[in-house]
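Input: a single structure, listed below in structure tokens.
The values are calculated or read from the model by the stated rules, or taken from the named source; none is laboratory data. Quick caveat, the model's predicted, so the values are computed rather than measured. Heads up, the Cβs are rebuilt from the backbone with ideal geometry, glycines too, and the neighbour counts pull from every protein chain shown. We work out accessible area using only protein heavy atoms, side chains counted, and drop any ligands, DNA or RNA first. Shrake-Rupley method; radii C 1.70, N 1.55, O 1.52, S 1.80 Å.
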Amino acid sequence: MNIIAISDIYSDISIVEELTHITKRIADGKPIIIIAGDIGLRTTPTRYKQDINHIINILSQISKQILYIPGDSDVKELEITTPNAQNLDGQNCIIDDGNVKIGFLGLGGAPTHSMRSTDLSPYLWNESIPIVAENLLTELKINIEKIAQAQPDYIILITHSPPYGIADRSKPITLQEMLILEDILEELKGETKPETKETTKKTTTSIRHLGSRIISNFVKYYKPDVHIFGHVHKEGGKTETQEATKFFNVSHLSPLPYRLTGRKYLHLTINKQGITSSFDHVITERNILFSEFIERYL
Amino acid sequence: MDVCGLREGFRLREYQEPIVNETLKEFEEKARQNVFISLPQGTGKTVIALAALSKLVNDNKVKKVLVLIPRRVLVNQWVDKAQEMFYGLGLMKNPTLSKESVENIRGWLKYAGAVGIAMTMQSFKNIIKKEYFTEKDFDMVIVDEAADLVISRDFIEGFRMSKYLKGLEKWQIPKLFILPYHVREKKIIALIKKFGNNSALIRKMVLEDQLICTVRDPIVIDDPLINIFVEKLEDDYKKTKTNVHRILNKYGIEGYRENIETLLNPETLDRLKKAYGLGEETCQQIQILITKYILVQHIKKWFLYSGRSELSRSILSAQKDVNNWLSYEDKKLNKLVEEVKTRLNQGQKLYIFAQYIATAELITGHLTEKLSLKPRDITIITGADEADAQFEKLSSFKKVGKILVTTPVFDKGTDIPQADAIIVYTPPPSTEKLFQVIGRIRGGEVIFLTYKGIEEESTNQIADTLRKTFASAPR
């Protein structure tokens, strides 16, 4: 089974289009596409809804099935109407292609401590509140138990937030800065900007672990085979293996937050014998000079 | 009988005594309000300050002193040094300050024999804000590592008082400032200006024989691809910087030329908008240019300082030449392994300096793997370590370690154990910082690793500057 995993698209339609060109080359038919959150950017509600549906539609044409979860920049209840797309937030599913049976479970949103400001991030949870932490953990446990009953060959966990301590070191994320810094402002001219000043909650800005302790506790005890997550862009493209679990931070598809590490996706090939993984670029022009490359992509 | 002084077995070094006397003369005979002492690393600036304080206490000129130090761990080190070398110079370390505790602290100062309080500059900011203490509570202030008292980020005022020590310039009691020799002159002048005309500067380039380092010829690494990449990036870097300067010139904006990154701060841009009438579009243009400028700098560092894992995660690895470069082992790291291996075989203790945490981690991992080092052989200390952990690690290196890999975490006054050589993997950003790093090893050899071509000339210049400084220093 071929799986393409991405996240943190932030309504960047062009990068999704570039991805479709390159993934058409993947042999063995259409892949499963996993999106680990932050599909859109809530600039305006109408624009947001259009963007996420457009993105899912484009990807649905090149995939057997899309499994997605909302990220902190998405709304919890995503209104996506594409038939082969499934929201895995707090849900699970089994995909069996005849060769290998894989169980998937997901958790959307991100912990509040990972964000510098709460504006533009409608889906956050505060895991320092015991009842919130307990509910999230219970949800994950119920889903993995359901999957286990089907006796899959592998279990894949998809969350937007990294687990605490794995590929999660960064300054608290600020989408506001991303908006300020990038060319996206050009596109937004004339549209109503979200009100931010009143709702901005400042937190400290030193480099630290931004991941979720609930997720790391869950992974520690339930040991999924693969954990795919996004959110912490600075660590995008990092792969780690701890005990039985392979961890992948796939938060660097969009060039928006970090132009340098963007434009990459994870490709997993899974069969009964094992899992192979590689990160690859959506860039097709690889034979141009370094100087030209810098001009074009920086 | 003296109430305080050097303990038995301790004495001042030959050159320290005259500096102490000069300091006292400035305070006592010339009635200076502020004395600035600027000496090289490792010359015992703290001891000089303590000796001067001791004399002033004995002469009944000072009863209570306030010592201000940049970081909490240095406060502990300062007070411990005072107690180890001097009797009668008990200082309270970082007292917990609250409305309730202030009266107790005053009581302790009065009756428990302490000559004062040592605290961080952050604490000073709080006591001033909350008015727990005023200058009336003290007869003297000593500020160690005082170079950061003024910062140069303000485009209107030029040098500006640090937010932590703001208000100190208004205190009328005697103040003694200690700062490293290699602080830029411009900064020292600005510092003195902030504290008024009744100030004296004692600035001497003294070095003891055991502090003199032997600067070896840099080890040159030949990697032509690095030159191609870095030259292009340098070119982009200059172009982007020129474009930002052009905008600044157009609006007549002074300052920011050295640190254009500060223009990314929304508050700074807001001030510029108000002061110079910058439009929203121009601000965006500046931000886009600076973002590129920062990215280019990052990439350059990755190439020069072995950031292969970062590069392989970046889009640059989609480029043919970069991919080719990534396919072979890092030549600089391999050269480091060779050098370290030779020196370890000679029984040397080594100190490796890297400017960035990621580079220090990379070096540690690489050396451990290639030389099959045991964890106790190699110690890495970076800003990611808690203060207590830093000192435990230093102690472990001193007792059983062979290699200490650090970032500039010790650049301010920390005493680190002696080493036979320092290998500079990543050159510090300025001569001032370089001397802070070199000064830490107290003698020994200095070895730079540098890429042929792009880095070679600047590294040779740095090495020459160091050699000249050591050669010309009075002993």
Top-ranked residue in region A:35-63 [being out of contact with any strand residue (DSSP E or B) (no Cβ under 8 Å at 6 or more places or on another chain) and in contact (Cβ under 8 Å) with a residue 60 or more places away in the chain; ranked as most open to solvent (accessible area, probe 1.4 Å)]: A:ARG42
Residue in region A:13-30 that is in contact (Cβ under 8 Å) with a residue 40 or more places away in the chain and within 25 Å of A:THR138 (Cα to Cα) present: no
When residues of region A:257-297 are limited to those that are open to solvent by 20 Å² or more (accessible area, probe 1.4 Å), aliphatic (A, V, I, L, M) and within 11 Å of chain B (Cβ to nearest Cβ), the one nearest to the chain's Cα centre (by Cα): A:ILE288
B:LEU362 vs. criteria under 28 Å from the mean Cα position of the chain (by Cα), more than 14 Å from every other protein chain (Cβ to nearest Cβ), part of a helix (DSSP H, G or I) and hydrophobic (A, V, I, L, M, F, W, C): yes
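So that you can scan it fast, the table gives a plain yes or no per residue for (1) more than 12 Å from chain B (Cβ to nearest Cβ); (2) at pLDDT below 80; (3) surrounded by 22 or more Cβ atoms within 10 Å (Cβ to Cβ):
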{"position": "A:THR192", "(1), (2), (3)": "yes, yes, no"}
{"position": "A:ILE207", "(1), (2), (3)": "no, yes, no"}
{"position": "A:ILE228", "(1), (2), (3)": "yes, no, yes"}
{"position": "A:VAL232", "(1), (2), (3)": "yes, no, yes"}
{"position": "A:GLY236", "(1), (2), (3)": "no, no, yes"}
Pick from region B:32-46, criterion modelled with pLDDT under 90 and open to solvent by 10 Å² or more (accessible area, probe 1.4 Å), ranking: farthest from B:CYS213 (Cα to Cα): B:THR46
From A:LEU120, A:LEU157, A:LEU107, A:LEU140, residue being within 28 Å of B:GLU310 (Cβ to Cβ) and at pLDDT 95 or above: A:LEU157
Among the residues listed as B:ILE286, B:ILE253, the single one being in contact (Cβ under 8 Å) with a residue 60 or more places away in the chain, β-branched (Val, Ile, Thr) and either outside any helix (DSSP H, G or I) or within 14 Å of another protein chain (Cβ to nearest Cβ) (or both): B:ILE253
Of residues in region B:290-336 being open to solvent by 40 Å² or more (accessible area, probe 1.4 Å), of a type in the set (Ser, Thr, Tyr) and part of a helix (DSSP H, G or I), the one farthest from the other protein chains (Cβ to nearest Cβ): B:SER327
Yes/no for A:ALA110 being open to solvent by less than 30 Å² (accessible area, probe 1.4 Å) and under 25 Å from A:ILE270 (Cα atoms): no
Selected residue [free of Cβ contacts under 8 Å to residues at least 40 places away in the same chain and either in contact with a strand residue (DSSP E or B) (Cβ under 9 Å, 6 or more places away or on another chain) or within 30 Å of A:PHE248 (Cα to Cα) (or both)] from B:LEU264, B:LEU316, B:LEU304, B:LEU269: B:LEU316
Single residue of region B:249-270 satisfying the filter (open to solvent by 60 Å² or more (accessible area, probe 1.4 Å) and touching a Ser or Thr at 6+ places or on another chain (Cβ under 9 Å)) that is farthest from B:CYS283 (Cα to Cα): B:GLU258
Enumeration of residues in region B:216-239 that are open to solvent by 70 Å² or more (accessible area, probe 1.4 Å), in contact (Cβ under 8 Å) with a residue 12 or more places away in the chain and under 30 Å from the mean Cα position of the chain (by Cα): B:ARG216, B:ASP217, B:GLU231
Qualifying positions in region A:48-74 - of a type outside the set (A, V, I, L, M) and assigned to a loop (DSSP other than H, G, I, E, B): A:GLN61, A:SER63, A:LYS64, A:PRO70, A:GLY71, A:ASP72, A:SER73, A:ASP74
Single match in A:ILE155, A:ILE166, A:ILE147, A:ILE142 (criterion: touching a Pro at 6+ places or on another chain (Cβ under 7 Å) and closer than 23 Å to A:ILE34 by Cα): A:ILE155
Failed item, numbered, when B:ASN94 is tested on (1) touching a Ser or Thr at 6+ places or on another chain (Cβ under 7 Å); (2) open to solvent by less than 10 Å² (accessible area, probe 1.4 Å): (2)
Filtered residue count, region B:97-129, keeping only those that are surrounded by 13 or more Cβ atoms within 10 Å (Cβ to Cβ) and not polar (S, T, N, Q): 17
Test set (1) modelled with pLDDT under 95; (2) within 14 Å of chain B (Cβ to nearest Cβ); (3) surrounded by 14 or more Cβ atoms within 10 Å (Cβ to Cβ) - A:GLN242 fails condition number: (2)
